[in-house]
Structures are given as structure tokens and as C-alpha cells.
1. For the protein assembly as shown, what does -39500 (n - 2.57) per DSSP helix run (n ≥ 4), summed and divided by total residues, give at 222 nm, in deg cm²/dmol to the nearest 500?
2. Compute the separation of the alpha-carbon centres of the range B:85-100 and the range A:122-201 and state it in Å as a whole number.
3. Distances longer than 29 Å among the Cα atoms of chain B: what percent of all pairs is that?
4. Taking neighbour Cβ counts within 10 Å as the exposure measure, how do A:154, A:283, A:77 sort from fewest upward?
5. Averaged across A:243-255, how many Cβ atoms of other chains sit within 10 Å of each residue's Cβ atom?
6. From the alpha carbon gyration tensor of the range B:1-150, can you work out the equivalent ellipsoid semi-axes (sqrt of 5 times each eigenvalue) and give them in Å, largest to smallest?
7. Please compute the modelled spin-label separation between residue A:72 and residue A:242, points set 7 Å along Cα→Cβ, answer in nm with one decimal.
8. Expressed as a whole number of Å, what is the distance separating the alpha-carbon centroids of the range B:149-202 and the range A:231-284?
């Protein structure tokens, strides 16, 4: 027994835990600024700083014509897109990490309860019914919530291990919405609607305008904060239901809130960017490699990492070729080999 | 002083009755062992004592109030649960696992502070595993993990501990360490209820025994009165003798082993064993 540690002495935490979030935040800020300057019309970093100063602080630093141009490019086109990338990356990674803890399984993704198929199906249905852009987004969001609602409803029908029933409910609900999506695709006009649906399903941020981004940013930020506030409870839930109850935790209530927050923010990512897979699965793994499984630090790190990752991947998607490569394709191409590699390690701590 | 009282408790999963009219009570500072064959309802009984299962009839009283009447946080500050060997999926640091014991003391919006961490370290130190505080929970041994969970229970501020087969899966050395630790804590006034498959463990440390078979109470009372040949035979459907070796020490000897031992070796036997044979 070590007597080096006096009774009550509090050990220092791992150094990485303290400086890593700061480092990631700085990296994210740098990536955002660089992404703003990159594009068909390159803009120097100094000009971005000058423009931001004028835009945010009202401190004029350039001619009105130049300001108008920059306002158009930076404020109307690039900023919403970059902001959307950060928000979506953060939302998918954080809800993925939360689901992995909650379901005590490092191999689940935020789509476990069917939110992603549900939202895709909703969006496709919206396009089929030729609702306006807003209508499509509303259908998308509603579809995501409905799918998770059905999954929970199915889980409620049966007795037994709650987590297992939820997972089965999610599989059933997800398959249901995937089938409905196929029907919608089959019925869609092959010259006009079908390509739009397919393009949506590949995921991408070209549709991210300032109105949409602004509208989703508030609920996404609230959802992220909600998940992070419950990090302590997530730790306890990852030890199993009965243990959590014996520690005085209201498991049903906490789980309901966690599923609610994770579902809302995941559905909103589909509203803005379509289906962007694999982020919510691999970023939590990287986060856990860096700071360990304690959700109090893991969730903020995942949010930062996810934001950083998606900003960079989105830059690649819009700049690598003359035409834009759908974002979801790139995240899958990166995610699948990475996942195959981590699977070996993930299994170790699982059985 | 009575800490826990189980009164005519019956419980079933669906149509399958598991506990039938079980009653006993437990005093403060006692170390109670729950004995019974596989599937006799030991774990279920422990869970009902924690208020985790809805009873069909009867009630469980903690400090003379029904456990179901406590709010979960309040109960968690009084009774702690140490589950069976863990399926650990995430490599939390040992200190983080122990810190979870502070959760019933914190509001929804307050984070753990230095005091909580100091209390967690104190609990680890009390069990002699303070040096493990920064090790991953998944990489320490089963015995150390069991100690960490007991540390968490201490950290919870609880005075009554419910342990589900704590010695299961531990090597012999760690079994001894664990039992000694529990016995020591019991002298400090902590109350323990543990299920076990080892009647010898019971004879070493337990002050009280509850025997369960097929969901029914077989016997209940002070260890000396209850751990007898008749009761063990009935409990396990195997003939087991209980030898009094010293004035205050007994061991269990299976009848088949006894017959082999006692055939023609009497000259080499210590007097106590000779008498027992």
C-alpha cells in the first residue's frame, strides 16, 4: 500500500485532460479562419480579420465596395457553411459518445435508434410532396423524432433488458424507415426529385445558408450543453442500470433526456447537411484514446474534435476537385478503414 | 439495533415465483451471509432489499421505514450495492469509479469538487488501494476491482452494504483479503449483507446467516446455530459435516472427504480432528 499519498490527498489529473481542450479550441479556431479564406475566390487572412472587425465591432477598415464583396462571400456563403460544419461535427460526435456510454457499447453510433433513417425518409417524403425548402426541412426533423419515438414505443411493448429492447426497437424502426425511403425513391420523379433525394442522402453542406444555420445553431448548442451537463450521470449509466439506480440516479428520467437531446441534435444535422455517416462513431473513439472514457472531459473534447474534423473534411470536399464531392462519401471513405483498425482494440474492453 | 428487516417478502418474475414469504432481520454492525444453491433467489432477495424490485407482498424496512418510501438519492446515501464481478466496458480511472459514489450527494447542476475527490481518495486509502487511483479500472485485478467498488460504497456515505457474491472469481489470497476487510469494517459499525457460495467463508467471518432454498427461508440466525450438518445437507442436497476444531472455529468437511480422511489414519491426526472423526 502506498503511503506516498497522504490520506485525502487529491492526485493531479492526467495532463492531457487539462491542456487538450484548449489546444483543440485553438486548432478549431485556426481551421475555421483558414476555411473562410479558402475557396474559388481566395481571401487573405488580414482581410478576414479586418472584415470581422468591421462586421462584429462596427470598426470600419476597408472601402464600402470591398466590404460589400467580402460580406457576400464571407458572411453570406462561407461563414454559414463553416459554422454548419462545426455544429454538425460537434453534434454527431457528442451524441455518438453519449450513446456509446449510455448503451455501454463502444460500437454504436448516434443513428442507433433510427434517427438518421427517419430524418432521411422525412426529407425524401418532403421532396416527393414538393414542399418548399422549409417544408422539406420540417419533414426531415419530424421524421427523425418519429423514428426514435417508434423505437422507444416498440421497446416499451416488451419486458426485459431495457437497453437491449431499445436497440432492437431502433433496428426495427430504422429498417421500417429505410423501406419507406425506398418506396419514396421508387415513386419519385426520376428526372427531378430522385436525383435531389439521392444527393441529399450523400450528405453535403452546399445547401447550408445563413437562415438555416442560424435556426439550427441554437437548438444544437442547447442540446450539446444538455448532454455535457449530464456527463456525470452518463458515467454512472455506463456501469449498468441497477448500479446506477443503487447510486440514487433516476435512470429512466436521465435516459429519456439523453435520448431526447441526442435525437434532436442528430436530426438537425440531417436537416442541414443530409446523411453524414461515421463521424459519430469514430470521433468518440479518437476522443477516448486521447482523454479516456470520463464523459465530463470526453464530451467537450468530442465536440471540439468533431467540429475540427468536419470543417477540414468539408474543405476537402469543396476544394479537392472542381466539382464538390459529397461530404458523406468522404467521411465514409475515411471512417470505414479507421473503424476497421479500431475494432481490434474496441473488442478488448467489450466482452 | 435493527438496521434492515425483511418481512414476509414474496416476489416473482411474471408467473414464476422466486421468493416465498421470506422474513428475517439484521442488526447494526453485523455481517450477514446469504447462503443457497444456484438459482435459489439470492440475487433477487438482495435486489428487493435495495428496493430495486416491486414486491408482490410483504415489505423491506430500513431503519424501521419501508425502503420504497425513501427517495433513491436518500436511500443511496444509506445503502450501497456492490454488484457481482463487473462487465467493465470503459476504462475509467479507479478514482473516477469511486467518485461516482458522490453522485447522491450532489445536485443536478453541481460538479464534483476537491472535497469529493479527497473523500474518494480517503476511501481508497482505507482499503489500501490508494496507489491504484489513476489506473484504468479495466486493467486492475478482480480483487482490486471488488475493493474499488467497496471504496465507492464507503464514498457513498452508506453504512449498510449489500454485496452480491463478492468473493466470486477472486483467487484464494484475495478472498482472504476481502473477508478480512469486511470483518474489520463490520467492527467499525458497518453492516454487511453478502451472498456467497462458500460455507467456510461464512464460518470465518459472518455473525449471522440466512439460508435460502427454492425461494424459501430454510434457516436464519447466528452462524453457530445455523451452519449445521442438517441445514447444509438440506440446503445443498450434499452431505457436509461441520467440524468444531477449536472452541471458536469450525470448518466444513464434505462427508465423502471425511470417510476418506478417517479411514485408518487416526494415528496421525490432531486430537480435534480425531474427535471430529
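1. Details: 26 runs with 353 residues, N = 628.
Helix contribution divided over all residues of the protein assembly as shown: -18000 deg cm²/dmol.
2. 37
3. Considering chain B, 38 percent of its Cα-Cα pairs are separated by more than 29 Å.
4. Values: A:154 19, A:283 28, A:77 16.
By the 10 Å Cβ count, ascending, the order reads A:77, A:154, A:283.
5. Details: counts 7, 4, 8, 17, 13, 15, 6, 3, 1, 0, 0, 1, 0.
Per residue, the average neighbour count from other chains is 6.
6. Numbers: eigenvalues 194, 70, 44 Å².
Equivalent ellipsoid of the range B:1-150: 31, 19, 15 Å, largest first.
7. Inter-label distance under the simple model: 6.8 nm.
8. 34
Read-outs throughout are calculated quantities, based only on the coordinates presented, and are distinct from any laboratory measurement. Keep in mind the model is a prediction, meaning the values are calculated, not measured. Don't worry about glycine lacking a Cβ; one is built from the backbone with ideal geometry, like all the others, and counts go over all protein chains shown.
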